[in-house]
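Visitor: Handing you this structure, nothing more for now.
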Amino acid sequence: MANFFNLTLDTLAPSISAFLINNGASITSNRAVTLTIASSDADVTSMKIWGYDQHTTEASASWETFAGTKSVNLPATDGQYTLHIKVRDDVYNESAESTATITLSTAIPAITITGPDVEKISEISGKNLATFSFTSDTALSEYTVRVVPTQNSAHDAGTEIPTTNGSVNMHGTTVAANTAVTCKINGSDFKTAIGGSDGTYIVKVFGRSAVNGLWSA
């Protein structure tokens, strides 16, 4: 029988080689985010993460089994959040703290329409244009003017008014916040959008936020 054994002393703290939120994104419109974690040390067995809704402080967080990815929810209020992580090896050597930051932005643009200058148009020159303008309380990366089935329709409902016969600014990009965009609807283009049948229809402007990519309601 053996009269000896080997005993290893390990006092070296592990290191964190990667800690990313949503693959390094700077902003998200969804509270649910995915963390990516990596360590160059093969003996890492556990991790402690805080700064999200369930564990806002290190004192409230617990050690858990190490995993390369973890899904968490950010707090409910829009703003910038910093998440923190430590990892630990199999003999409880702890790494230094690592952090990652992301901004939660869930606000949708508020579109305000001024006009139109008339409530009824035809295809006859002199009576074939309706002019209005709109503004957004936040910068837009895109906008569209559409005929929609209901006042509560979403941005992908209905039909965008074409510009074939002279309608202006029925679609566009890069609008600064609180900057008026003047739009003109031509009667022939309007007729195309509504399918050719006379009547009263709902025209709605939708804008896509340049900040978080969300469309207005």
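The values are calculated or read from the model by the stated rules, or taken from the named source; none is laboratory data. Note that the coordinates shown come from a computational prediction; the quantities given were computed from them, not determined experimentally. Neighbour counts are summed over all protein chains in view; Cβ atoms, including those assigned to glycine, are modelled from backbone coordinates with ideal geometry.
Each row is one residue, and each column tells you yes or no for (1) modelled with pLDDT of 95 or more; (2) touching a Cys at 6+ places or on another chain (Cβ under 8 Å); (3) not in a loop (DSSP other than H, G, I, E, B).
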site: 13; (1), (2), (3): yes, no, no
site: 17; (1), (2), (3): yes, no, yes
site: 23; (1), (2), (3): yes, no, yes
site: 33; (1), (2), (3): yes, no, yes
site: 38; (1), (2), (3): yes, no, yes
site: 42; (1), (2), (3): no, no, no
site: 46; (1), (2), (3): yes, no, yes
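Visitor: Right, next: Of the conditions (1) over 24 Å from residue 211 (Cβ atoms); (2) acidic (Asp, Glu); (3) in contact with a His (Cβ under 7 Å, 6 or more places away or on another chain), residue 189 satisfies every one except a single condition; which number is it?
Guide: (3)
Visitor: Now for a separate question. Return the residue satisfying two criteria in turn: it lies in the range 98-150 and is among the small types (Gly, Ala, Ser) and assigned to a strand (DSSP E or B), and of such residues it is farthest from residue 212 (Cα to Cα).
Guide: Result: 130.
Visitor: Then there's this: Considering only the range 191-208, I want to know if a residue exists there that is surrounded by 13 or more Cβ atoms within 10 Å (Cβ to Cβ), assigned to a loop (DSSP other than H, G, I, E, B) and not aliphatic (A, V, I, L, M).
Guide: yes
Visitor: Moving to a separate point now. Taking the condition within 11 Å of residue 16 (Cβ to Cβ) and either among the β-branched types (Val, Ile, Thr) or at pLDDT below 95 (or both), does residue 102 pass?
Guide: no
Visitor: May I pose another question? When you go through (1) part of a loop (DSSP other than H, G, I, E, B); (2) on the phi < 0 side of the Ramachandran plot one by one for residue 81, which number turns out not to apply?
Guide: Failing condition for residue 81: (1).
Visitor: Would you confirm whether or not the range 46-63 contains a residue that is at positive phi, touching a residue at least 12 places away in the same chain (Cβ under 8 Å) and surrounded by 12 or more Cβ atoms within 10 Å (Cβ to Cβ)?
Guide: Yes.
Visitor: Take the residues in the range 48-78 that are in a strand (DSSP E or B) and polar (S, T, N, Q); name whichever of them is farthest from the chain's Cα centre (by Cα).
Guide: Restricting to residues being in a strand (DSSP E or B) and polar (S, T, N, Q), the top hit is 65.
Visitor: Using beta carbons and a limit of 7 Å, which pairs, at least six apart or on different chains, have the first residue in the range 160-175 and not assigned by TED's automatic domain parsing to the domain that holds residue 186 and assigned to a strand (DSSP E or B) and the second one among the hydroxyl-bearing types (Ser, Thr, Tyr) and surrounded by 15 or more Cβ atoms within 10 Å (Cβ to Cβ)?
Guide: Final answer for the pair search is none.
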